[in-house]
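Worksheet: the structure to be examined is printed underneath.
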Amino acid sequence: MPEGPSIRLMKESIQKFEGKKVLEASGNAKIDTEILIGKTLKEIKTFGKQTYLVFNDVAVRIHLLMFGSHSVDEQTKPDRQLRLALLFSDGGMYFYTCHVKMVDSQFLAGIDWEADVMSDIWSPKKAEKKLKSNPEMMVCDALMDQDIFSGVGNIIKNEVLFRIGVQPESFLGKMPSAKIKELIKEARNYSFDFLEWKRDFTLKKHWLAHTKKICPKCGQKLIKKQTGLGKRRSFYCEIDQKLYQ
């Protein structure tokens, strides 16, 4: 599943259409594409792994799910995969194998934009409060909780936990306050590192734990295990990462 930084890059690639009028709308998503024709795209907003195409009286939410993708100015995949295409006078945007939904302004107003780790209004204090109110939650689940760290996915989870030296099955209530603060700080820091490496096509070269077999610090074999309630893949070192239980 594309993580927050990848969604940021997608936004950058289609941002040229802000302020432009939709001339054609099509695709096999279960929405009424007709109502978008003639409307002006006011703004493109992102919230974690979601993208919102905002018009005056409606917005279109795009979630790429596990295997979704997009293209700009040219349809690159067959019609059966095309969920939504919006054409403008100077090009178009195409979304494939994703979830598309219409939402209203009230829905947008209800989003906690401060939970997006890459947002200019990201609130580390609010994240800390949420973490401390869930002492029995494993840190691997906390990082993947989109209400706390919107945009964080499995890659960021594994790399952040390796950076701060914490095993994924550690309980939040057992972690020192300083570690909680470090967790919050590095979730945001790594997200922006991810963005720059992804932009430079060097992301995988910087992975220290995710999908790796040997710890780059001590040389011991990394543990590969499905952890937490979500049973997502974790890669970690039992020597260089501490278990708080």
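The values are calculated or read from the model by the stated rules, or taken from the named source; none is laboratory data. Remember, predicted model here, so these are calculated numbers, not experimental data. Every residue, glycine as well, gets a Cβ built from its backbone with ideal geometry; the counts of neighbours run over all protein chains shown. Surface areas here come from the heavy atoms of the whole protein model, side chains and all, with no ligands, DNA or RNA. Shrake-Rupley method; radii C 1.70, N 1.55, O 1.52, S 1.80 Å.
Structural remarks
- For the pair segment 168-245 / segment 1-39, the C-alpha centres are spaced 33 Å from each other.
- Expected-Rg normalisation [2.2 N^0.38 Å, Cα atoms] applied to the chain: 1.10
- Phe192 accessible area, assembled protein chains, probe 1.4 Å, Å²: 70 Å²
- Each residue of segment 15-30 was assigned a 3J(HN,Hα) from its phi angle through the Karplus expression (A = 6.51, B = -1.76, C = 1.60, θ = phi - 60°), giving 5, 5, 8, 4, x, 9, 8, 6, 9, 9, 9, 8, x, 9, 5, 7 Hz with x at Gly and Pro.
- For Arg188, Arg232, the ranking by accessible surface with the largest value first comes to Arg232, Arg188, using a 1.4 Å probe.
- Accessible area of Thr211 in the full protein assembly, 1.4 Å probe (Å², nearest 10): 60 Å²
- Per residue, in Å², the accessible surface of the chain once ligands and nucleic acids are set aside, probe 1.4 Å: 50 Å²
- Within segment 95-245, antiparallel bridges make up roughly 80 percent of the DSSP beta bridges whose residues both belong there.
- Neighbour count of at most 11 Cβ within 10 Å plus DSSP loop: longest GluC sites (Glu not before Pro)-free window in the chain: 137-245
- Size descriptor for segment 134-181, Kirkwood hydrodynamic radius: 10.7 Å (Cα pairs only, one decimal).
- Where only DSSP H runs of four or more residues are counted, the chain gives -8000 deg cm²/dmol as its mean residue ellipticity at 222 nm, each run worth -39500 (n - 2.57).
- Across the chain, C-alpha contacts under 8 Å between residues 6 or more apart give a mean separation that, scaled by the residue count, equals a relative contact order of 17 percent.
- Relative contact order of segment 123-245, taken over Cα pairs closer than 8 Å and 6 or more residues apart, is 31 percent.
- Between Leu222 and Ile214, Cys215, the built amide H atoms are under 5 Å apart, and every one of these is 5 or more places off in sequence or on another chain.
- Segment 173-245: projected area of the alpha-carbon convex hull, averaged over directions, in nm²: 5.8 nm²
- Applied to segment 49-55, the Karplus parametrisation 6.51 cos²θ - 1.76 cosθ + 1.60 on θ = phi - 60° returns per-residue 3J(HN,Hα) values of 9, 10, 10, 10, 9, 9, 10 Hz, with x for Gly and Pro.
- Carbon plus sulfur fraction of accessible area for the chain, probe 1.4 Å, in percent: 50 percent
- In the context of the full protein assembly, Arg163 retains an accessible surface of approximately 90 Å², using a probe radius of 1.4 Å and ignoring ligands and nucleic acids.
- Segment 72-163: relative contact order as a whole-number percent, Cα under 8 Å and 6+ apart: 18 percent
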